[in-house]
Amino acid sequence: MRAQLLNATRLLVEEKGPDRFSISEACRAAGVSTAAPYRHFEDKREMLVAVAMEGMARLRDAMRSSLKGYKRGSIDGISAMGVAYVHFAQREPGVFRLMFGLTRDHGKHEAMMALGHETFGVLLSELAAYMGKGDVDDEVTRRGFALWTTVHGMSFLLIDDKVDVIQFPVEMDALIHEMTVRLLA
């Protein structure tokens, strides 16, 4: 039942946004009683946190999967992670917004913070290997932050239709690769 509720909530977040649906709508979509959510969640906010965490886990898994077939720590693998990040945002724009829209109180959700660090850690681990470092240090973190902000900003430009509006004539996957090369040079 929990999985049904989370899936219904995720679909409603994609359709309406996190603030524009009710728990009763999620219950109808999941085919459960209106009392059912309260067996698993304290309130709507907790349901949204669970949806955001599932989204973060899917993003982490997509980033890991994108590395298959690439040498550990390769620029091509790191670039593929950036492409996976942007494609996730395009596939699940509502969940992507939700994941990064809960930032005001992320610090209150230890599990969410740990999952976010784990997801960012996928990138940092590859960067450390690329840079020939055994551990993640300040330089690895700084470069990781530069790469993340690049694909994160690009993700929002794409899902908010800012790129289409200005008719930007660039192939995004190739641009991500180019930016990865430049930021790691």
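So that you can scan it fast, the table gives a plain yes or no per residue for (1) assigned by TED's automatic domain parsing to the domain that holds Ala111; (2) within 21 Å of the chain's Cα centre (by Cα); (3) farther than 21 Å from Phe100 by Cβ; (4) not polar (S, T, N, Q):
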residue	(1), (2), (3), (4)
Met1	no, no, yes, yes
Ala8	no, yes, yes, yes
Glu15	no, yes, no, yes
Cys27	no, no, yes, yes
Thr34	no, no, yes, no
Leu48	yes, yes, no, yes
Can Ser65 be described as outside any loop (DSSP other than H, G, I, E, B), on the phi < 0 side of the Ramachandran plot, modelled with pLDDT of 95 or more and surrounded by fewer than 13 Cβ atoms within 10 Å (Cβ to Cβ)? yes
For residues that are in contact (Cβ under 8 Å) with a residue 12 or more places away in the chain and out of contact with any Lys or Arg (no Cβ under 9 Å at 6 or more places or on another chain), scanning just segment 68-79, find the one that is nearest to Met131 (Cα to Cα). Gly73
Going through (1) buried (at least 19 other Cβ atoms within 10 Å of the Cβ); (2) touching a Leu at 6+ places or on another chain (Cβ under 9 Å); (3) within 18 Å of Arg58 (Cβ to Cβ) one by one, Ile78 fails only at (3)
Residues to consider are Glu118, Glu126, Glu92; find the one that is buried (at least 19 other Cβ atoms within 10 Å of the Cβ), touching a helix residue (DSSP H, G or I) at 6+ places or on another chain (Cβ under 8 Å) and closer than 17 Å to Met53 by Cβ. Glu92
Only one of Glu46, Glu15, Glu42 is out of contact with any Leu (no Cβ under 6 Å at 6 or more places or on another chain), surrounded by fewer than 18 Cβ atoms within 10 Å (Cβ to Cβ) and part of a loop (DSSP other than H, G, I, E, B). Can you tell me which? Glu42
Report, by residue number, each residue of segment 120-176 that is modelled with pLDDT of 90 or more and on the phi > 0 side of the Ramachandran plot. Gly132
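The values are calculated or read from the model by the stated rules, or taken from the named source; none is laboratory data. Since we're looking at a predicted model, the values are computed, not measured. No Cβ is skipped: glycine too gets one built from the backbone with ideal geometry, and neighbour counts run over all protein chains shown.
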